[in-house]
Each structure stands twice: as structure tokens, then as C-alpha cells.
1. Could you check, for the stretch 514-534, whether at least one of its residues is without any contact (Cβ under 8 Å) to a residue 40 or more places away in the chain and basic (Lys, Arg)?
2. So, of the residues in the stretch 488-503 that are exposed (fewer than 15 other Cβ atoms within 10 Å of the Cβ) and either within 35 Å of the chain's Cα centre (by Cα) or not aliphatic (A, V, I, L, M) (or both), which turns out to be nearest to residue 577 (Cα to Cα)?
3. When the residues of the stretch 53-72 are narrowed to those that are part of a helix (DSSP H, G or I) and of a type in the set (Ser, Thr, Tyr), which ends up farthest from residue 649 (Cα to Cα)?
4. Picking from 485, 425, 506, which residue would you name as being assigned to a loop (DSSP other than H, G, I, E, B), loosely packed, with under 14 Cβ neighbours inside 10 Å and on the phi < 0 side of the Ramachandran plot?
5. Checking residue 452 against (1) touching a residue at least 24 places away in the same chain (Cβ under 8 Å); (2) in contact with a strand residue (DSSP E or B) (Cβ under 7 Å, 6 or more places away or on another chain), which test does it fail?
6. Search the stretch 128-163 for residues being free of Cβ contacts under 8 Å to residues at least 40 places away in the same chain and either closer than 19 Å to residue 67 by Cα or of a type in the set (Phe, Trp, Tyr) (or both), and hand back the single one that is nearest to the ligand (Cβ to nearest atom).
7. Every residue in the stretch 243-253 that is buried (at least 17 other Cβ atoms within 10 Å of the Cβ) and either away from the ligand (no atom under 11 Å from the Cβ) or among the polar types (S, T, N, Q) (or both), please.
8. If a residue counts only when it is over 21 Å from residue 90 (Cα atoms), which helices (runs of 4 or more DSSP H) contained entirely in the stretch 246-313 have at least 1 such residues?
Amino acid sequence: MAKAAPVSLKKEVEELREKLRHHEYRYHVLDDPEISDAAYDALLRKLKDLETAHPELVTSDSPTTRVGAPPREGFQTVRHTRPMLSLDNAFSFDALRDFDRRVREGIGRNSIDYIAEHKFDGLSIALWYEDGVLVRGITRGDGTTGEDVTPNVRTIRSIPLRIEKELLKKAKVPASFEVRGEVMMTRKAFEALNRSQEQNGGKVFANARNAAAGAVRMLDSSITARRRLDFFAYYLLTDGRAVFPKHSESLVALEALRFRASSDWKLCNGIDEVISYCEAWDTKREKLDYEIDGVVVKVNSIGIQNELGFTSKSPRWAIAYKYPARQETTVVNDIIVQVGRTGALTPVAMLEPVQIGGVTVSRSTLHNMDEVQRLGVQIGDTVLVERAGEVIPHVLKVVKEGKNRKPFRIPRECPVCHSKIHKVEGEVAYRCLNTGCPAKRRESLIHFASRHAMNIDGLGEKIVDQLVEKGLAKDVADLYSLKLEQLAELERFAEKSAQNLLDEIEGSKKASLPRLIYALGIPFVGERTAQLLADRFSSVGELASASEEELYEVEEVGPKVASGILEFFSEPANRQLIKKLEKAGVRPTAEKRTVKSNKLAGKSFVFTGGLVNRTREEAGEIVLQHGGKVISSVSKKTDYVVVGTDPGSKYDKARELGVSILNEAEFEKLVGVR
Ligand code: IVH
């Protein structure tokens, strides 16, 4: 057991936490960091180390505790302090004027002060703070009761886990209060998520709202953490009532408490100013890093709000003005197919060009045949197309069937190399399996060179097209035998840039093992999976000869990923490619693990629940250092299940199967660490 921490240490820990809270605020709320990510990580690590050495100093509001709660079996329902109502909608400025008239007539005044705020398109959440500490996060649910999603909201970094006493005092807010607001995903986070979902063969989300809502309701909060959510606050309550006489004062207080509030709100004197605000933001909203779908208009005076009261479902003192959707109808002139890196055929609708919100849209991906069928779209149909923010436009539905409509069929032959198209059992996609297909070659080269893969700067699409066309790069390994003269001959390529590219290619030989595994473009192996595979296998050669069982031992590898890997390496051309890469000098190996003993050889461990003295990853590393294995699910063959606090279903399973169960102390004794 660790010795009790001296007072000075306690102070150091608290100071570190304060620093971390400050930097979380600068980064996630103000979007204006003062230190680098690496410096932040170093501070966090320092705190973690201190907390590991002195577990008695860990508090539930420490910045180290955002992620790590074990997955739960279900949500608990919680009653809201005061119903979370929805708002009436206004779809025109006339409707806004009607609202204003009702308000003025209701209280007999000529002009009203309104607050106009962004209407965030996300999921509403109530946060309860007791004594300045976040104790609960609850979804709106049916408005009266919601679901307790506390571990999930704790992972959102723009939500303070704790608010300093001085801040509360300065803002004149009691220490126990409630904040309501919207959980959202920025466009950037949304696009990054969809990119990785696509790479991993996961579900692609139609919009940021759905992705955010799904993330908030995950039973496993570590998945929520990966989705990079944000929170915008718009309501402050104590004991179910507004804290200040004016809504504007609540917004100021929320900012003072370091929440991210809708900082673009405006006090409007009369409805005309509200309308100007709506007009101004209709064009400006494109440039925001998050999606807003309208403007919420609220009577500023809480006294007047109370006088007006509620109808059965919404307040009479507020309304949501909705921007017209960015949708247009147009005709599908053709449906073509594109061949991707993995050979998957993607149907693309070629549209009669149409202006949507100031941008000309002439094509839209239909993703796959299932989507074509779901929409029931055929060539010649008139469709409704939506363009939301920066997201690529998508077809919402068929609005009118074309007179001479023609169904789209997946071609039997690859449109590029004319080899036969295959449909893989249990998969949505149709694929061209010819490894030499120029379309696949092109996409593989682009992926191989991309920033998160081998990071070959200067190898853009135009150059790749020429390399493929001239037969200079039949596969990615050919890049390493390119000559200066060959590159200099390419169109629009000076000798200097040719040399730069060669240097870049040469430099990429030093790329790490996870990068190379990712760069190979193995179906369903995205960046994260590549990292996990590199932790387990020490080279691409070792991965290539892994058995299905060995693959399953890697966390997060299921049947789909395993068969993607096995299929990829069973293809002779791909095996050849690995050899060719090795020969060219591309042969990264995993950083060698320090082997301390062999005493756990052949023993397999499963971890469940939170450990106190180290993270599960660190504990797993100790097992590996002593020759053991860490696996993700419990079976009869599992040797030990190490159980921490709040264990998940793995604990029950271990008991059911009679697997040896260790607590943290017993585990430490077994492996010989403190
Ligand atoms: S105030 C009683 N302010 O829109 C007033 N809501 O359609 C409660 N929303 O349920 C809501 N941005 O989820 C408010 N600035 C904002 C908002 C906002 C988005 C959401 C919220 C609400 C829904 C109503």
C-alpha cells in the first residue's frame, strides 16, 4: 500500500488539476490554446503518475478521469427538475411577427426585448452540478424523464467537471445548479469520424446530429470519447428556476463559469432586430465550424416569461426560427460507377447541375446498391438533393419518377479494366477483384501516399494518374524504384520537384509499422486497427502469416476485420507486394518490447473494470513483458480475469465459466509488481 501523501503533494496535485482545467478551457471552449497538445499531454501524464502513486488522492472531478468508466448494461431513467420542453417553429419572418404580436398582446406592451441565439442542431442535455462538481448528465428523453448518460458527458472536454468556488462567486451562481444545452459535433469532428468509419467498414452517418446523438447514448463511454463531442450551453437553473431576472444575464454567467455558450447571441430591441439577426446569420452560418439550423428567439425578461407561461408542449415566450433547408430538386441524368481502392464499386448519380445555397451540385454519391434500392432511384427520375454545410451533397428521395426512367444495374464488368465483377457473400459492395485494375492502382497509390499513411508529400492525384497511365507504378512498391529522369518527363514537373518527390519517397521508408499496415489498404483496417495490429505483430510478414485465432486476440478485431486481413494476404499478388516492399527497404518493425521474464508464457488475461494503481493498458503491457497474452473476451480457455472497480459483463461470464478471478492486489502479486 502507498504511504499517505504529504500535504505538499496534495497541493501539487491540486495545482496540476487547476492548470489542466485552465488549458482544457482555453482549448475546448475558447478555441485558443496557450500550450501545445504535447505540453498538455505531458501535464496530464504527470498528474496521472502522481495519482497512480497515490490513489488516495484521486477525485472524481480530476481531469484524468474523463475516460475510463467501464461499459454499462443499460441506462437509468432520471426525472428532470423541470420538464425539458420543445419549441414552436417559425418557418418565415411573417411567423416571427405573429409570435411577436402574440407576446405583446399577451402582456400589453409595445416593444419587447428578445435574445436571439443560434439554434444548435444536436441533442439536448441537462447537467447537474452539486457543490461545483458535475454529478449527472441526462438526456432530454420524453421531456419529463431522461436517461442518465453521466460517464458519456464526462468525456466531453468543453464540459467542466468542476467549477472553482471563486468563479461561482464572481458569477453570482449558487454552487448547486443545472445547465442545459446541446451536445454537438463540429463539422471537422464529423468529417473525421465518417472518414474513419468508411475505412473501417463501419456505418457512415448522414449528418453530425445523428452521429452526436448516437455517441451520447453509447453504453461504452470510451466510444463516446473518440467521437469528439462539444457542448453549447443555453440555459441556467437552480431548483428548477432561472437564476437571474434576465436571460442575457444567464448567458453571461454561463460564459463566466467557463461553459461554451452561444457566444454569438444578441440582445434585440423588438422583432425587426431579431429578423435582421436571422438574415445576417443565414449567410454567415456556412463559415461556422458547427451546424445551426435556425435561430432561437427568447423573451429576455424572466418576469415576462413567467407571465406568458407555457402551452401544453412549449413556452409562449420563445420560438425557433428555422432556416429554409438547403434542398433542391433536379434530374438524375445518369448513374455511373466508380472503382475504389478496395475494388468496391460506388454508384454515383450524375445530376442536372443545380444551385443549392450558392453552390453548383452536379453529382452525388449513392454509396452502394442497397442505398440505390432503398431510394428506388432510376435514371431519369427527379430527386430531392440536400447539401448540408460542407458535407457532400446527398439524394434524399425520389420526388417524381421519370417518364422513360431506366433502372441502374451494377455492370458485370469493371468499367475500367473490364474484368468480372464479384459480389462477396454477406457484403453490400460489389467488387472488381483484379489486383492489376488501373482504377484500384490509382486509389491504392493515393491512399498509400496520404498523410496518415506513408505521408509522401507531393504525390498528388495528377502525378499518380500519370504514373499509372505510363505504367511506371503498377503497385505501391514500384514507387521506390522510380528514377529522376522518369519523373522529370512527367507533365508539369520540373527537375527540382522531381528530386523533392524522390526524397519524400526515400524518407517514407522510415515510416512506422502502424503506418505501413494502414497504408497497405487492407479492407476494414483503419488507422486505429493498424495500431493495435502493430502492437501484437512485429512486422508485416508476421501479420501476413497470422492465423484467424491469432488475429482474434487483437482487441477490436472481429470476424469482419479478420477475414479482411486473411483474404488480403491470401492474394498472391499482395504477398508478392510485401516481399517487393521489403526488398526496396520498406520493412519497419515494431519497437521491441522489453522482455522481463517468461513466467506468464501461455497464460491469457482478460481485464474488466477500472484498476487503481495503473491503467488497463499498463497492466496489459506488464503481462506482455512477462510473456503472457491479453485478450478481449472471456472463454473457457482464458486463464485469468482481472477484475477492477465496476466490472462489466466479463466478470459474470468468468464466474459462469469458472475462470480464475483476480483482484488488483492478487494480480500484482502474481506478476510481481507493487
Ligand atoms: S432553449 C424552453 N436554446 O431546440 C426552452 N434550445 O426545438 C428550451 N435548441 O429542445 C430550449 N439551440 O434541444 C434553446 N439556443 C437554444 C437552442 C435550443 C438548440 C434545441 C433544444 C430544444 C429544441 C427546441
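The values are calculated or read from the model by the stated rules, or taken from the named source; none is laboratory data. Remember, predicted model here, so these are calculated numbers, not experimental data. Heads up, the Cβs are rebuilt from the backbone with ideal geometry, glycines too, and the neighbour counts pull from every protein chain shown.
1. Taking every residue of the stretch 514-534 in turn, none turns out to be without any contact (Cβ under 8 Å) to a residue 40 or more places away in the chain and basic (Lys, Arg).
2. Restricting to residues being exposed (fewer than 15 other Cβ atoms within 10 Å of the Cβ) and either within 35 Å of the chain's Cα centre (by Cα) or not aliphatic (A, V, I, L, M) (or both), the top hit is 503.
3. The extreme case among them is 64.
4. Every option except 425 fails the conditions.
5. (2)
6. 137
7. Passing the criteria: 243, 246, 248, 249, 250, 253.
8. 247-256, 302-308
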